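Chemist: Take this structure, written in C-alpha coordinates, and hold onto it; I'll ask about it next.
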(Lines give C-alpha, C1' and ligand atoms only; values in the text may rest on other atoms or scores of the structure.)
Protein backbone atom coordinates (compact mmCIF):
# COMPACT_ATOMS: atom_id res chain seq x y z
CA UNK A 1 0.00 0.00 0.00
CA UNK A 2 1.22 3.50 -0.80
CA UNK A 3 2.02 5.82 2.10
CA UNK A 4 -0.93 7.73 3.51
CA UNK A 5 -0.49 11.45 2.79
CA UNK A 6 -1.05 13.90 5.67
CA UNK A 7 -4.24 15.41 4.22
CA UNK A 8 -5.74 11.94 3.75
CA UNK A 9 -4.68 10.90 7.23
CA UNK A 10 -6.45 13.95 8.66
CA UNK A 11 -9.63 13.05 6.76
CA UNK A 12 -9.42 9.49 8.08
CA UNK A 13 -8.82 10.83 11.60
CA UNK A 14 -11.84 13.10 11.23
CA UNK A 15 -14.00 10.09 10.32
CA UNK A 16 -12.63 8.35 13.42
CA UNK A 17 -13.68 11.30 15.58
CA UNK A 18 -17.16 11.13 14.05
CA UNK A 19 -17.50 7.52 15.19
CA UNK A 20 -16.82 5.70 11.91
CA UNK A 21 -14.53 3.16 13.59
CA UNK A 22 -17.45 1.65 15.51
CA UNK A 23 -20.45 2.20 13.25
CA UNK A 24 -21.14 3.45 9.74
CA UNK A 25 -21.86 7.19 9.94
CA UNK A 26 -24.11 9.11 7.56
CA UNK A 27 -22.22 12.05 6.10
CA UNK A 28 -22.41 14.28 3.05
CA UNK A 29 -19.31 15.64 1.33
CA UNK A 30 -20.64 19.15 1.99
CA UNK A 31 -20.74 18.51 5.75
CA UNK A 32 -17.34 16.84 5.66
CA UNK A 33 -15.84 19.78 3.77
CA UNK A 34 -17.07 22.17 6.47
CA UNK A 35 -15.43 20.06 9.18
CA UNK A 36 -12.18 19.80 7.22
CA UNK A 37 -12.19 23.48 6.28
CA UNK A 38 -11.84 22.79 2.55
CA UNK A 39 -13.93 22.49 -0.57
CA UNK A 40 -16.65 19.94 -1.24
CA UNK A 41 -14.66 18.72 -4.24
CA UNK A 42 -11.60 18.06 -2.05
CA UNK A 43 -13.68 16.17 0.52
CA UNK A 44 -15.21 14.03 -2.23
CA UNK A 45 -11.76 13.30 -3.70
CA UNK A 46 -10.37 12.31 -0.28
CA UNK A 47 -13.19 9.82 0.24
CA UNK A 48 -12.67 8.30 -3.20
CA UNK A 49 -8.95 7.83 -2.57
CA UNK A 50 -9.46 6.38 0.91
CA UNK A 51 -12.04 3.97 -0.48
CA UNK A 52 -9.72 2.93 -3.32
CA UNK A 53 -6.94 2.30 -0.78
CA UNK A 54 -9.29 0.05 1.18
CA UNK A 55 -9.18 2.24 4.28
CA UNK A 56 -12.90 3.04 4.36
CA UNK A 57 -16.09 1.34 3.21
CA UNK A 58 -18.68 3.66 1.68
CA UNK A 59 -22.29 3.10 0.67
CA UNK A 60 -23.78 6.03 -1.23
CA UNK A 61 -27.33 6.98 -0.22
CA UNK A 62 -29.62 9.93 -0.91
CA UNK A 63 -28.22 12.94 0.90
CA UNK A 64 -24.79 11.47 1.61
CA UNK A 65 -22.95 8.23 2.28
CA UNK A 66 -22.71 5.62 5.01
CA UNK A 67 -19.00 5.51 5.83
CA UNK A 68 -17.08 3.14 8.08
CA UNK A 69 -13.35 2.73 8.65
CA UNK A 70 -11.98 -0.69 7.71
CA UNK A 71 -9.53 -2.80 9.70
CA UNK A 72 -6.82 -1.58 7.31
CA UNK A 73 -7.84 2.01 8.02
CA UNK A 74 -7.53 1.50 11.77
CA UNK A 75 -4.08 -0.03 11.20
CA UNK A 76 -2.99 3.08 9.25
CA UNK A 77 -4.17 5.33 12.08
CA UNK A 78 -2.26 3.17 14.55
CA UNK A 79 0.94 3.61 12.51
CA UNK A 80 0.65 7.37 12.89
CA UNK A 81 -0.03 6.96 16.62
CA UNK A 82 3.15 4.91 17.02
CA UNK A 83 5.12 7.54 15.08
CA UNK A 84 3.83 10.28 17.37
CA UNK A 85 4.66 8.27 20.48
CA UNK A 86 8.16 7.60 19.16
CA UNK A 87 8.84 11.30 18.64
CA UNK A 88 7.14 12.53 21.81
CA UNK A 89 8.00 9.79 24.30
CA UNK A 90 11.01 7.98 22.84
CA UNK A 91 11.42 4.51 21.40
CA UNK A 92 10.68 2.81 24.74
CA UNK A 93 7.07 3.95 24.41
CA UNK A 94 6.63 2.09 21.12
CA UNK A 95 8.49 -1.13 21.97
CA UNK A 96 6.37 -4.23 21.48
CA UNK A 97 7.38 -7.13 23.74
CA UNK A 98 6.45 -10.79 23.81
CA UNK A 99 7.34 -13.34 26.47
CA UNK A 100 7.13 -16.64 24.65
CA UNK A 101 8.09 -20.28 24.97
CA UNK A 102 10.75 -22.01 22.88
CA UNK A 103 9.31 -24.88 20.82
CA UNK A 104 10.65 -27.23 18.17
CA UNK A 105 9.70 -26.59 14.58
CA UNK A 106 9.46 -28.91 11.63
CA UNK A 107 13.17 -28.44 10.89
CA UNK A 108 12.40 -26.76 7.58
CA UNK A 109 13.87 -23.41 8.62
CA UNK A 110 17.39 -24.47 7.74
CA UNK A 111 16.29 -25.53 4.27
CA UNK A 112 14.58 -22.24 3.44
CA UNK A 113 17.03 -19.85 5.09
CA UNK A 114 19.93 -21.61 3.34
CA UNK A 115 18.41 -20.89 -0.07
CA UNK A 116 20.61 -18.35 -1.82
CA UNK A 117 17.60 -16.31 -2.92
CA UNK A 118 16.68 -15.69 0.73
CA UNK A 119 20.16 -15.64 2.24
CA UNK A 120 21.49 -12.93 -0.09
CA UNK A 121 18.51 -10.65 0.52
CA UNK A 122 18.68 -11.10 4.29
CA UNK A 123 22.40 -10.24 4.28
CA UNK A 124 21.78 -7.18 2.10
CA UNK A 125 18.63 -5.84 3.74
CA UNK A 126 19.08 -6.90 7.39
CA UNK A 127 22.85 -6.64 7.55
CA UNK A 128 23.75 -10.14 8.68
CA UNK A 129 24.38 -13.60 7.24
CA UNK A 130 21.60 -15.75 8.72
CA UNK A 131 22.32 -18.91 10.66
CA UNK A 132 20.69 -21.77 8.71
CA UNK A 133 17.70 -22.30 10.93
CA UNK A 134 15.07 -20.49 12.98
CA UNK A 135 14.20 -20.19 16.66
CA UNK A 136 10.51 -20.95 17.06
CA UNK A 137 8.74 -19.12 19.87
CA UNK A 138 5.14 -19.77 20.87
CA UNK A 139 3.17 -16.78 22.12
CA UNK A 140 -0.13 -16.63 24.00
CA UNK A 141 -3.44 -15.92 22.32
CA UNK A 142 -3.63 -12.77 24.46
CA UNK A 143 -0.64 -11.47 22.44
CA UNK A 144 -2.24 -11.92 19.01
CA UNK A 145 -3.36 -8.29 18.91
CA UNK A 146 0.21 -7.14 19.57
CA UNK A 147 1.40 -9.36 16.74
CA UNK A 148 -1.21 -7.89 14.40
CA UNK A 149 -0.08 -4.38 15.38
CA UNK A 150 3.55 -5.26 14.76
CA UNK A 151 2.88 -6.77 11.34
CA UNK A 152 0.60 -3.92 10.30
CA UNK A 153 3.59 -1.58 10.60
CA UNK A 154 6.62 -1.29 8.39
CA UNK A 155 8.61 -4.41 7.65
CA UNK A 156 11.66 -5.25 5.55
CA UNK A 157 10.41 -7.06 2.46
CA UNK A 158 12.14 -10.17 1.15
CA UNK A 159 11.18 -10.88 -2.46
CA UNK A 160 10.05 -14.28 -3.64
CA UNK A 161 12.09 -16.06 -6.28
CA UNK A 162 12.31 -19.17 -8.45
CA UNK A 163 14.89 -21.89 -7.97
CA UNK A 164 14.68 -24.23 -10.91
CA UNK A 165 11.07 -25.32 -11.26
CA UNK A 166 10.08 -24.35 -7.73
CA UNK A 167 8.79 -20.96 -6.64
CA UNK A 168 9.58 -19.62 -3.18
CA UNK A 169 7.27 -17.01 -1.68
CA UNK A 170 8.05 -13.59 -0.29
CA UNK A 171 8.37 -12.68 3.38
CA UNK A 172 8.51 -9.67 5.68
CA UNK A 173 11.10 -9.19 8.42
CA UNK A 174 10.83 -7.23 11.68
CA UNK A 175 14.07 -6.56 13.62
CA UNK A 176 14.04 -7.91 17.19
CA UNK A 177 16.24 -8.19 20.26
CA UNK A 178 16.19 -11.60 21.95
CA UNK A 179 16.54 -11.63 25.76
CA UNK A 180 17.93 -8.07 25.63
CA UNK A 181 21.15 -9.58 24.29
CA UNK A 182 21.13 -10.78 20.67
CA UNK A 183 19.88 -9.01 17.57
CA UNK A 184 17.82 -10.89 15.00
CA UNK A 185 14.58 -10.64 13.09
CA UNK A 186 11.11 -12.09 13.01
CA UNK A 187 10.50 -13.53 9.55
CA UNK A 188 6.90 -13.87 8.40
CA UNK A 189 6.55 -15.97 5.27
CA UNK A 190 3.85 -15.23 2.73
CA UNK A 191 2.82 -18.88 2.95
CA UNK A 192 3.72 -19.99 6.45
CA UNK A 193 3.24 -23.55 7.67
CA UNK A 194 3.17 -22.36 11.28
CA UNK A 195 0.15 -21.46 13.37
CA UNK A 196 -0.37 -17.79 14.22
CA UNK A 197 0.92 -18.43 17.74
CA UNK A 198 4.43 -19.32 16.54
CA UNK A 199 7.03 -16.66 15.74
CA UNK A 200 10.04 -17.65 13.59
CA UNK A 201 13.21 -15.80 14.55
CA UNK A 202 16.36 -15.64 12.43
CA UNK A 203 19.75 -14.45 13.63
CA UNK A 204 23.42 -14.48 12.59
CA UNK A 205 24.11 -17.07 15.30
CA UNK A 206 22.70 -20.34 16.65
CA UNK A 207 20.38 -18.87 19.28
CA UNK A 208 19.70 -22.04 21.23
CA UNK A 209 23.41 -22.53 21.86
CA UNK A 210 24.26 -18.87 22.45
CA UNK A 211 21.42 -18.31 24.95
CA UNK A 212 21.34 -21.84 26.38
CA UNK A 213 17.74 -22.41 25.29
CA UNK A 214 15.77 -25.65 25.20
CA UNK A 215 12.14 -26.46 24.46
CA UNK A 216 9.91 -25.03 27.17
CA UNK A 217 12.28 -22.19 28.12
CA UNK A 218 10.94 -18.65 28.26
CA UNK A 219 12.36 -16.03 25.95
CA UNK A 220 11.77 -12.28 25.65
CA UNK A 221 11.36 -10.72 22.22
CA UNK A 222 11.56 -6.91 21.99
CA UNK A 223 10.56 -5.08 18.81
CA UNK A 224 11.00 -1.37 18.12
CA UNK A 225 8.71 -0.77 15.10
CA UNK A 226 10.44 0.65 12.05
CA UNK A 227 9.81 4.29 11.23
CA UNK A 228 8.89 5.77 7.88
CA UNK A 229 11.74 7.58 6.17
CA UNK A 230 11.18 11.27 5.54
CA UNK A 231 11.65 12.24 1.92
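Chemist: Identify, from the list 205, 178, 201, the residue that is under 17 Å from the mean Cα position of the chain (by Cα) and either surrounded by 15 or more Cβ atoms within 10 Å (Cβ to Cβ) or not assigned by TED's automatic domain parsing to the domain that holds residue 71 (or both).
Modeler: Details: 205 fails: under 17 Å from the mean Cα position of the chain (by Cα); 178 fails: under 17 Å from the mean Cα position of the chain (by Cα).
Residue meeting the stated conditions: 201.
Chemist: Also: Would you call residue 105 out of contact with any helix residue (DSSP H, G or I) (no Cβ under 9 Å at 6 or more places or on another chain), assigned to a loop (DSSP other than H, G, I, E, B), in contact (Cβ under 8 Å) with a residue 24 or more places away in the chain and surrounded by 12 or more Cβ atoms within 10 Å (Cβ to Cβ)? Steps first, please.
Modeler: Numbers: out of contact with any helix residue (DSSP H, G or I) (no Cβ under 9 Å at 6 or more places or on another chain): yes; assigned to a loop (DSSP other than H, G, I, E, B): yes; in contact (Cβ under 8 Å) with a residue 24 or more places away in the chain: yes; surrounded by 12 or more Cβ atoms within 10 Å (Cβ to Cβ): yes.
Considered against the rule, which asks whether it is out of contact with any helix residue (DSSP H, G or I) (no Cβ under 9 Å at 6 or more places or on another chain), assigned to a loop (DSSP other than H, G, I, E, B), in contact (Cβ under 8 Å) with a residue 24 or more places away in the chain and surrounded by 12 or more Cβ atoms within 10 Å (Cβ to Cβ), residue 105 comes out as yes.
Chemist: May I ask you to list the residues in the stretch 42-58 that are crowded, with 16+ Cβ neighbours inside 10 Å and under 20 Å from the mean Cα position of the chain (by Cα)?
Modeler: If the condition is that a residue be crowded, with 16+ Cβ neighbours inside 10 Å and under 20 Å from the mean Cα position of the chain (by Cα), then 50, 53, 55, 56 are the ones that fit.
Condition check ((1) in contact with a helix residue (DSSP H, G or I) (Cβ under 9 Å, 6 or more places away or on another chain); (2) under 17 Å from residue 4 (Cβ atoms)) across all residues:
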{"site": "14", "(1), (2)": "yes, yes"}
{"site": "24", "(1), (2)": "no, no"}
{"site": "31", "(1), (2)": "yes, no"}
{"site": "36", "(1), (2)": "yes, yes"}
{"site": "48", "(1), (2)": "no, yes"}
{"site": "63", "(1), (2)": "no, no"}
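Chemist: Determine whether the stretch 127-137 contains at least one residue that is at negative phi, surrounded by fewer than 18 Cβ atoms within 10 Å (Cβ to Cβ) and in contact with a strand residue (DSSP E or B) (Cβ under 6 Å, 6 or more places away or on another chain).
Modeler: Going through the stretch 127-137, the residues at negative phi turn out to be 128-132, 134-137.
Checking which are surrounded by fewer than 18 Cβ atoms within 10 Å (Cβ to Cβ) leaves us with 128-129, 132.
From what is left, the residues that are in contact with a strand residue (DSSP E or B) (Cβ under 6 Å, 6 or more places away or on another chain) are none.
So far as the stretch 127-137 goes, no, none of its residues is at negative phi, surrounded by fewer than 18 Cβ atoms within 10 Å (Cβ to Cβ) and in contact with a strand residue (DSSP E or B) (Cβ under 6 Å, 6 or more places away or on another chain).
Chemist: If you go through the stretch 181-193 one residue at a time, how many are exposed (fewer than 12 other Cβ atoms within 10 Å of the Cβ) and either within 11 Å of the chain's Cα centre (by Cα) or closer than 16 Å to residue 204 by Cβ (or both)? Before the answer, list the steps.
Modeler: First, pick out the residues of the stretch 181-193 that are exposed (fewer than 12 other Cβ atoms within 10 Å of the Cβ): 181, 190-191, 193.
Now narrow it down to the ones that are either within 11 Å of the chain's Cα centre (by Cα) or closer than 16 Å to residue 204 by Cβ (or both): 181.
Number of matching residues: 1.
Chemist: Of the residues 216, 212, which single one is touching a residue at least 12 places away in the same chain (Cβ under 8 Å) and in the same structural domain as residue 101 (by TED's automatic domain parsing)? Please lay out each step first, then the result.
Modeler: On the way: 212 fails: touching a residue at least 12 places away in the same chain (Cβ under 8 Å).
Residue meeting the stated conditions: 216.
Quick grid of which residues meet (1) without any contact (Cβ under 8 Å) to a residue 40 or more places away in the chain; (2) within 28 Å of the chain's Cα centre (by Cα); (3) surrounded by fewer than 16 Cβ atoms within 10 Å (Cβ to Cβ); (4) farther than 23 Å from residue 149 by Cα:
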{"site": "8", "(1), (2), (3), (4)": "no, yes, no, no"}
{"site": "11", "(1), (2), (3), (4)": "yes, yes, no, no"}
{"site": "25", "(1), (2), (3), (4)": "no, yes, no, yes"}
{"site": "37", "(1), (2), (3), (4)": "yes, no, yes, yes"}
{"site": "62", "(1), (2), (3), (4)": "yes, no, yes, yes"}
{"site": "75", "(1), (2), (3), (4)": "no, yes, no, no"}
{"site": "78", "(1), (2), (3), (4)": "no, yes, yes, no"}
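Chemist: Please specify each residue of the stretch 144-175 satisfying the condition of being surrounded by fewer than 16 Cβ atoms within 10 Å (Cβ to Cβ) and within 16 Å of residue 128 (Cα to Cα).
Modeler: If the condition is that a residue be surrounded by fewer than 16 Cβ atoms within 10 Å (Cβ to Cβ) and within 16 Å of residue 128 (Cα to Cα), then 157 is the only one that fits.
The values are calculated or read from the model by the stated rules, or taken from the named source; none is laboratory data. Given the structure is predicted, the values throughout are model-derived calculations rather than measurements. Ideal geometry is used to build each Cβ from the backbone, glycine not excepted, and the neighbour counts take in all protein chains shown.
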